[in-house]
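Structure first, commentary second.
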Amino acid sequence: MISWLDARSQNGRWHLRIDDIDRPRAVPGASDAILRALDCFGLSWDGPVVRQSQREQAYEEAATRLQSDGHAFPCGCSRKDVMTAGQAGWEGPVYPGTCRNGLPAGRKAQALRLRAAQRHWTLVDRCLGPLGFDLHWLGGDFVIRRADGFFAYQLATVVDDIGLGVTDVVRGIDLLGSAPRQVQLYQSLKRTAPRYLHHPVVIADNHLKLAKSSGATPVHCRDAGACLARVLTAIGVPGIEAGFAASGASAVGELLQHARSHWHSRLLPAGPIPEALLRVNGIS
């Protein structure tokens with residue numbers, strides 16, 4: 001909702017991409033459910049739906065270019081190797097650089113890593129303001145193609161955003177640590193990074209992010225107007241009155257039109273959004 005409003009309130013384009021590059025984790029029918037939910041809540045998109053599972057050639061070309069330019073290198077370390085030899089970082093073990101200058105004797109290339117050529121990064125987030133990152137403690141040289149042959153989220157996302165001409169990335173604060181990695185990729189590919197806006201996420205009663213990984217129930221289309229009204233209020237859109245909280249397509253259209261003309265990123269809440277704020281007649 002936040003990313004859609006950010007684009008539409010500035011007469012921008014909003015693209016829809018299905019991040020199904022990690023095929024072993026893809027759930028049959030999940031993408032269709034996403035499309036139905038977006039349609040139910042009136043969140044229309046521009047252009048065709050992009051599916052990462054159909055973009056492997058573009059990722060392969062980018063990976064080949066990065067390696068030929070010296071920005072990426074083959075790595076023969078397993079996860080266990082990294083955990084054993086690496087220091088504890090902010091999001092897991094820090095890669096110790098074992099294969100950075102060539103594969104050690106007896107090691108066979110498994111993954112492909114990008115060199116963390118620049119350790120310290122700064123950027124101005126449109127929601128959080130000026131930020132500083134230490135890419136070393138975020139893991140150092142990071143994987144862009146996994147040992148199983150699948151491309152990693154960081155590379156796929158950057159290549160797709162470049163292909164779509166994305167100027168603004170709007171996503172949850174739980175992905176904040178991806179920003180310096182992706183900016184490093186943009187720099188290595190000689191492209192300009194987009195602007196970033198990392199917004200608060202919804203948390204459940206157990207203080208975990210509301211997500212399928214924590215057992216959250218899926219979004220339902222019933223009483224869409226009432227649910228949408230509560231969501232817009234929770235993210236700071238002013239003037240959502242009780243009369244808006246009706247069901248049906250007309251209520252959804254009125255709500256979105258109102259939100260487009262009244263929303264600004266400075267209205268976002270400063271902290272996490274409790275799940276309780278989104279409950280309407282048992283719907284969350």
Would you mind stating whether ALA26 is among the hydrophobic types (A, V, I, L, M, F, W, C), modelled with pLDDT under 95 and under 20 Å from VAL143 (Cβ atoms)? yes
Please specify each residue of segment 61-88 satisfying the condition of being acidic (Asp, Glu) and within 19 Å of GLY165 (Cα to Cα). GLU61
Taking the stated definitions as given, is PRO28 in a loop (DSSP other than H, G, I, E, B), farther than 23 Å from PRO200 by Cβ and over 18 Å from the mean Cα position of the chain (by Cα)? yes
Count of segment 205-233 residues which are among the aliphatic types (A, V, I, L, M), open to solvent by 20 Å² or more (accessible area, probe 1.4 Å) and either assigned to a helix (DSSP H, G or I) or touching a residue at least 12 places away in the same chain (Cβ under 8 Å) (or both): 4
Return the pairs, sorted by first residue and then second, in which the second residue is open to solvent by 20 Å² or more (accessible area, probe 1.4 Å) and hydrophobic (A, V, I, L, M, F, W, C), the first residue lies in segment 70-84 and is free of Cβ contacts under 8 Å to residues at least 12 places away in the same chain, the beta carbons are less than 9 Å apart, and the residues are 6+ apart or on different chains. ARG79/ALA147
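From SER31, SER3, grab the single residue that is under 19 Å from GLY172 (Cα atoms) and among the small types (Gly, Ala, Ser).
On the way: SER31 fails: under 19 Å from GLY172 (Cα atoms).
Only one candidate passes the filter, namely SER3.
When you look at VAL201, is it open to solvent by less than 40 Å² (accessible area, probe 1.4 Å) and either at pLDDT 95 or above or more than 13 Å from the chain's Cα centre (by Cα) (or both), yes or no? Quick ask: steps written out before the conclusion?
On the way: open to solvent by less than 40 Å² (accessible area, probe 1.4 Å): yes; either at pLDDT 95 or above or more than 13 Å from the chain's Cα centre (by Cα) (or both): no.
For VAL201, the condition - open to solvent by less than 40 Å² (accessible area, probe 1.4 Å) and either at pLDDT 95 or above or more than 13 Å from the chain's Cα centre (by Cα) (or both) - is not met.
Out of the residues in segment 160-175 that are free of Cβ contacts under 8 Å to residues at least 40 places away in the same chain and at negative phi, which is most open to solvent (accessible area, probe 1.4 Å)? Please lay out each step first, then the result.
Here is the first cut: in segment 160-175, the residues free of Cβ contacts under 8 Å to residues at least 40 places away in the same chain are 161-162, 165, 169, 172, 174-175.
Filter once more, so that each one left must be at negative phi: 161-162, 169, 172, 174-175.
Values: ASP161: 13, ILE162: 40, VAL169: 17, GLY172: 11, ASP174: 75, LEU175: 56 Å².
Filtering first and then ranking leaves ASP174.
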Which residues, taken from segment 178-194, are open to solvent by less than 40 Å² (accessible area, probe 1.4 Å) and either of a type in the set (Ser, Thr, Tyr) or in a helix (DSSP H, G or I) (or both)? SER178, ALA179, PRO180, ARG181, GLN182, VAL183, GLN184, LEU185, TYR186, SER188
Starting from segment 116-139, take each residue that is in contact (Cβ under 8 Å) with a residue 12 or more places away in the chain and list its partners that are in a loop (DSSP other than H, G, I, E, B) and among the β-branched types (Val, Ile, Thr), counting only C-beta distances under 8 angstrom and pairs at least six apart or across chains. HIS136/VAL94; TRP137/VAL94; GLY139/VAL94
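The values are calculated or read from the model by the stated rules, or taken from the named source; none is laboratory data. Since the structure is predicted, the reported quantities are computational estimates derived from the model, not experimental observations. Note that each Cβ is placed from the backbone with ideal geometry, even for glycine, and that neighbours are counted across all protein chains shown. SASA here: full protein model, heavy atoms, side chains in, ligands and nucleic acids out. Shrake-Rupley method; radii C 1.70, N 1.55, O 1.52, S 1.80 Å.
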